[in-house]
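Chemist: Got a structure for you, questions after.
The values are calculated or read from the model by the stated rules, or taken from the named source; none is laboratory data. Bear in mind that the values here come from a model prediction, so they are computed numbers and not experimental data. All Cβ positions, even for glycine, are placed from backbone atoms using ideal geometry, and neighbour counts span all protein chains on display. With ligands, DNA and RNA removed, areas are computed over all heavy atoms of the protein, side chains included. Shrake-Rupley method; radii C 1.70, N 1.55, O 1.52, S 1.80 Å.
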Amino acid sequence: MRSKIVASALAGALMLASLGLGAIPAQSADDPAGTVTDGLTAWYKLDETSGTAAADSTGTNPAAQLKGAAAFAAGEGVKLDGGTSYVALPNDLLAGHDAVSISYDVWIDADQGGQYFIYGLGNTTSGAGDGYLFNTGNYNRATIASGNWSTEQVTGTSGKNLDRGRWVHSTYTQVAGTGVLYTDGVEVARNAAVTTTPASIGGGKTSANYLGKSVYPGDKTLKGKMRDFRIYDRAVTAAEAARLALPVNQDYVAADKAAIDLGDLTAVVSSINLPTRGAGGSAISWATSAPASISETGAVTRPAPGEPDAEVTLTASITHGSLTETATFQATVKTGSGADADAIEESVAALEVVNLGDVRGNLNLPGHGRNDTWVSWTSSNPAVISEDGTVVRPARGTGDTSVTLTATVERNGVEGTREFTAVVREAAAPVEYAGYAFSYFKGEGSATGEQIYFGKSVGNNPLQWEDVNNSEPVLTSTMGEMGVRDPFIIRSPEGDKFYMIATDLKINGSGDWGKAQTWGSRNLMVWESNDLATWSEQRSVQVSGESAGNTWAPEAYYDDELGAYVVFWSSKIYATADHSDGNNNRIMYATTRDFVTFSDPEEYYNPGYQVIDTTMIKDNGNIYRFTKDERNRTADSPEGKTIFMQRGAGILDADSFTTLATGIGEGTISAGEGPTVFKSNTEEKWYLFIDEFGGRGYVPFETTDLDSGQWTPSGDYKMPTAPRHGSVVPVTAAEMVALAAIGQPVVTPTATPSPTADPSPSATTEPTVEPTTEPTTNPTTDPTADPTESASPTASATPGATDSAHATTKPGSAPAPSTAASNTGGPTTGGPSTGVGDGLASTGWNQAALVSVGGLALLAGLFLAMHSRRKQNRY
């Protein structure tokens, strides 16, 4: 049997809500929070089902009034749209309150924008707040003021926002000069120097009392939901604050408890994955009755031969806010046949080699396995796949070939073996370029801006661009922070495979650049393709260590000497476990053969000050490297926020790099980041696109002499719609056709479709290892996304944040026009793309479809191909 706690229907609904898929029911009638009634002076449950009036359950105040589009949400309080909707509360609610507690549940939508109040109690004079008490989630704080913003006294969690996309309970108390802020019943902030009392605001007269609206008319309104809003004339205790939060905490603990699934525990022989966090955000810790058999991390040690099976009780403690509940699981650990034999058995079963059914480049053959085992390899055809995984593909026209790889796993003289069958593709056709592809994101100014967009050049003109997919996202992140920025595409050295890597980051809805550099993602997002139109499933790969605060702007370079890709990115590296020490962004790197397994991260470039956004290109045996000086522009760093250029003998030859130019583009652009550099397909010329953040976006520069360090602004140019930090890669005529077809109507073919490109199975002996990166899907955009797209920065910089790398707005920047977006998809099948015919077959198209959809593009591509015989390898 599978050991899984069975959830009630209610708890299951709660779990869906925590994932953004459903709604958490309102608290029950026997809600423990309802017992905290001493000192209540106003209680708006917001549990009505119709109308525009919300009653005060204390019976002492007039009803609150729903305004604009505000509406009751079927037992989930009142729904607010972030536009005209809010709840108007009665006047003078703080009169006589020398002490106060404000308690409520709030759901803040993920795309909440700008500065906003969850509630505001006070006055507005001449378009500004004039004495008030409010709470906001960005960052999480309660603030009281006797006048305007300059009199504010804050109790808050600087740098930490209130969670979005889930119900959160908040309580603020103030008495005798001390303010305390609780989130989900846990104290998160305290200020013992609060001198303004609630009763003193407006002398007890307040007429700007709202839920979901600020006392500053220029602020945004709340987009989300509110329920159970309470005001007390005393400071509730910590125990009472925990009780007030119980309904929310119980919901999430129940859902996360119900979701724990450890699989079959009746015959355990290998380690168990013990989750440490639930989908609803609950922290999960583990205790074990027999740590010698199953540790608190799930490591399993089987009893020695002759000993009985071990019976173990695993206890999970599920904590959300101030509430903790437990769940127990019974496990039976089977007696082993000997420690080394057991270790070998598990290690052999766990071995994995990716891409075996479609080998196009060097393989990562692991040298170490689980349980401190060593792995060695032999090959049935070392001329094609060597024992270290180096691949030499069969000559073009000779066909694919199969190779058997045998792994021998060893520990303390005990061995086990396993065979894998690899299908190695014949060599790709020579690459002849007919244009360029541009991958980029659009900025955090809209809900869909931090996704991946494509543009394509008009023929071989790198200064004239057209949108792909009707200017909608081609790929949309479904992992991590649910946003991706800074996409970079690299073509494999073999020519017929692409890898795309991107930053796992979403700033829209939070604007929290401080958190993004302190506790940001340590992962890269990765996709693969054979034709640029059909992409693999997204995968998330951790490349940074726990000391990293962020992992930004990844790029890759193929190093022939290593036979692997060097992947580099920007990170802040902290010396303290709480990431509290100040530090600078520097460039880190790791190596990989398959963008699945990476080496440990190492420092690549650290001049001792902030640097980000490194890119590079090779020419005439030299590496030309471009990097952003991320320092603020001061007398000590007059070229801060601009790009500098260096030349070196090799990518990892750190001592060989010297500076050729600094402040590239000064006088033409106000500042720059996100450089992308590429060589012309048709002449001895190089282009450097620099993102003028806070201004025009990408601006092109060019040179005919890299060693000169001199870059001239390009003349007449037209970029795709609103590109931000991205990359340009040269493409073939077939790839241009495939790009043009993304998002266009597909006519059902009348002839027999072309066969799939991969007829050969990925055969292995048991246990089977499946290839993991064969393209299978074509992502579509989110149908619920904001239909507008900012063409240049619009969001405000976070107050107090510094070094906000990649921010699309700087102080004083103006909003830019928006462009409409819609939802369409592209081709849904994939295969190798080695020429015009192969490229079309890989997307499942035939001649009939081409005539209807891509005929003109094909003719143009063929014409360009006839006139473009220049072969070029970038990276």
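Chemist: Here are some residues: Gly514, Gly545. Which one is under 30 Å from Lys220 (Cα atoms) and within 19 Å of the chain's Cα centre (by Cα)? Don't jump to the end; show me each part of the working.
Modeler: Numbers: Gly545 fails: under 30 Å from Lys220 (Cα atoms).
Among Gly514, Gly545, only Gly514 is under 30 Å from Lys220 (Cα atoms) and within 19 Å of the chain's Cα centre (by Cα).
Chemist: Gly413 fails exactly one of the following numbered conditions: (1) small (Gly, Ala, Ser); (2) in contact (Cβ under 8 Å) with a residue 60 or more places away in the chain; (3) under 26 Å from Glu528 (Cα atoms). What is the number of that condition?
Modeler: (3)
Residue-wise test of (1) among the aliphatic types (A, V, I, L, M); (2) more than 30 Å from Ser446 (Cβ to Cβ); (3) surrounded by 23 or more Cβ atoms within 10 Å (Cβ to Cβ).
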{"site": "Val100", "(1), (2), (3)": "yes, yes, yes"}
{"site": "Ser103", "(1), (2), (3)": "no, yes, yes"}
{"site": "Val106", "(1), (2), (3)": "yes, no, yes"}
{"site": "Ala110", "(1), (2), (3)": "yes, no, no"}
{"site": "Gly120", "(1), (2), (3)": "no, no, yes"}
{"site": "Ala128", "(1), (2), (3)": "yes, no, no"}
{"site": "Ala142", "(1), (2), (3)": "yes, no, yes"}
{"site": "Gln153", "(1), (2), (3)": "no, yes, no"}
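Chemist: Right, another one. Tell me which residues, restricted to the range 564-600, are of a type in the set (Gly, Ala, Ser) and assigned to a strand (DSSP E or B).
Modeler: Residues of the range 564-600 that are of a type in the set (Gly, Ala, Ser), as a first pass: 564, 570-571, 575, 577, 580, 582, 590, 599.
Answer for the range 564-600, where residues must be of a type in the set (Gly, Ala, Ser) and assigned to a strand (DSSP E or B): Ala564, Ser570, Ser571, Ala590.
Chemist: Identify all residues within the range 349-369 that are open to solvent by 20 Å² or more (accessible area, probe 1.4 Å), under 24 Å from Gly413 (Cβ atoms) and not in a strand (DSSP E or B); write none if there are none.
Modeler: Once the filter is applied, which keeps residues that are open to solvent by 20 Å² or more (accessible area, probe 1.4 Å), under 24 Å from Gly413 (Cβ atoms) and not in a strand (DSSP E or B), the range 349-369 yields Ala349, Ala350, Leu365, Pro366, Gly367.
Chemist: Hey, can you tell me all the residues within the range 370-394 that are part of a loop (DSSP other than H, G, I, E, B) and either open to solvent by less than 60 Å² (accessible area, probe 1.4 Å) or touching a strand residue (DSSP E or B) at 6+ places or on another chain (Cβ under 6 Å) (or both)?
Modeler: Narrowing the range 370-394 to residues part of a loop (DSSP other than H, G, I, E, B): 380-384, 386-390, 392-394.
Selection gives Ser380, Asn381, Val384, Ser386, Glu387, Gly389, Thr390, Arg393, Pro394.
Chemist: In addition: Within the range 53-88, track down each residue that is exposed (fewer than 15 other Cβ atoms within 10 Å of the Cβ), without any contact (Cβ under 8 Å) to a residue 24 or more places away in the chain and part of a loop (DSSP other than H, G, I, E, B).
Modeler: Those that are exposed (fewer than 15 other Cβ atoms within 10 Å of the Cβ), without any contact (Cβ under 8 Å) to a residue 24 or more places away in the chain and part of a loop (DSSP other than H, G, I, E, B): Thr58, Gly59, Thr60, Ala69.
Chemist: Could you give every pair whose Cβ atoms fall below 7 Å, whose first residue belongs to the range 275-287 and is of a type in the set (Phe, Trp, Tyr), and whose second residue is surrounded by 18 or more Cβ atoms within 10 Å (Cβ to Cβ), counting only separations of at least 6 or pairs across chains?
Modeler: From residues that are of a type in the set (Phe, Trp, Tyr), the pairs are Trp286/Leu274; Trp286/Leu314; Trp286/Ala316.
Chemist: Shifting gears a bit: Which residue, of Gly621, Gly697, Gly674, is farther than 24 Å from Ser571 by Cβ, small (Gly, Ala, Ser) and buried (at least 22 other Cβ atoms within 10 Å of the Cβ)? Spell out the reasoning first.
Modeler: On the way: Gly621 fails: buried (at least 22 other Cβ atoms within 10 Å of the Cβ); Gly674 fails: farther than 24 Å from Ser571 by Cβ.
Result: Gly697 is the single residue among Gly621, Gly697, Gly674 that is farther than 24 Å from Ser571 by Cβ, small (Gly, Ala, Ser) and buried (at least 22 other Cβ atoms within 10 Å of the Cβ).
Chemist: So Lys718 fits all but one of (1) open to solvent by less than 20 Å² (accessible area, probe 1.4 Å); (2) of a type outside the set (Val, Ile, Thr); (3) touching a residue at least 60 places away in the same chain (Cβ under 8 Å); what number is the exception?
Modeler: The one condition Lys718 does not meet is (1).
Chemist: Can you tell me which residue within the range 36-51, out of those that are hydroxyl-bearing (Ser, Thr, Tyr) and touching a residue at least 24 places away in the same chain (Cβ under 8 Å), is most open to solvent (accessible area, probe 1.4 Å)? Walk me through it before giving the result.
Modeler: Step one: of the range 36-51, the residues hydroxyl-bearing (Ser, Thr, Tyr) are 37, 41, 44, 49-50.
Narrowing the set further to residues that are touching a residue at least 24 places away in the same chain (Cβ under 8 Å) leaves 41, 44, 49.
Numbers: Thr41: 32, Tyr44: 1, Thr49: 114 Å².
Restricting to residues being hydroxyl-bearing (Ser, Thr, Tyr) and touching a residue at least 24 places away in the same chain (Cβ under 8 Å), the top hit is Thr49.
Chemist: Something else about it: What number of residues within the range 571-590 are crowded, with 21+ Cβ neighbours inside 10 Å and among the polar types (S, T, N, Q)?
Modeler: So the count comes out to 2.
Chemist: Return the residues of the range 63-98 that are under 33 Å from the mean Cα position of the chain (by Cα) and under 20 Å from Tyr232 (Cβ atoms); say none if nothing qualifies.
Modeler: Scanning the range 63-98 gives a single hit, Gly77.
Chemist: Can you tell me how many residues in the range 700-710 are touching a residue at least 60 places away in the same chain (Cβ under 8 Å) and either small (Gly, Ala, Ser) or open to solvent by 10 Å² or more (accessible area, probe 1.4 Å) (or both)? Give the derivation first.
Modeler: The initial filter retains those residues of the range 700-710 that are touching a residue at least 60 places away in the same chain (Cβ under 8 Å), namely 700, 706-707, 709.
The next check asks that each one be either small (Gly, Ala, Ser) or open to solvent by 10 Å² or more (accessible area, probe 1.4 Å) (or both); those that pass are 707, 709.
Here the count works out to 2.
Chemist: So, Asp560, is that one open to solvent by 30 Å² or more (accessible area, probe 1.4 Å) and either touching an Asp or Glu at 6+ places or on another chain (Cβ under 7 Å) or closer than 26 Å to Asp705 by Cα (or both) or not?
Modeler: On the way: open to solvent by 30 Å² or more (accessible area, probe 1.4 Å): yes; either touching an Asp or Glu at 6+ places or on another chain (Cβ under 7 Å) or closer than 26 Å to Asp705 by Cα (or both): yes.
The answer is yes for Asp560.
Chemist: Going through the range 639-662 one residue at a time, which ones are open to solvent by less than 30 Å² (accessible area, probe 1.4 Å) and under 31 Å from the mean Cα position of the chain (by Cα)?
Modeler: Selection gives Gly640, Lys641, Thr642, Ile643, Phe644, Met645, Gln646, Ile651.
Chemist: How many residues does the range 207-260 hold that are open to solvent by less than 10 Å² (accessible area, probe 1.4 Å), more than 25 Å from Asp56 (Cβ to Cβ) and not in a helix (DSSP H, G or I)?
Modeler: Adding up the residues that qualify gives 1.
Chemist: Here's a follow-up. In the range 629-661, how many are assigned to a strand (DSSP E or B) and without any contact (Cβ under 8 Å) to a residue 60 or more places away in the chain? Even if it seems obvious, please write down each step before you answer.
Modeler: We begin by selecting, within the range 629-661, every residue assigned to a strand (DSSP E or B); these are 629, 642-648, 658-661.
Pick out the ones that are also without any contact (Cβ under 8 Å) to a residue 60 or more places away in the chain and you get 629, 642-644, 646, 648, 658-661.
Selection size over the range 629-661: 10.
Chemist: Follow-up. What residue, among those in the range 539-563 that are in a loop (DSSP other than H, G, I, E, B) and in contact with a Leu (Cβ under 7 Å, 6 or more places away or on another chain), is nearest to Ala516 (Cα to Cα)?
Modeler: Restricting attention to the range 539-563, the residues satisfying the condition of being in a loop (DSSP other than H, G, I, E, B) are 543-547, 549-551, 560-563.
With the extra rule that they be in contact with a Leu (Cβ under 7 Å, 6 or more places away or on another chain), the set shrinks to 543, 551.
Values: Val543: 16, Thr551: 9 Å.
Taking the candidates together, the pick is Thr551.
Chemist: So which of Thr408, Thr448, Thr421 is open to solvent by less than 40 Å² (accessible area, probe 1.4 Å) and either closer than 30 Å to Ala516 by Cα or in a loop (DSSP other than H, G, I, E, B) (or both)?
Modeler: Thr448
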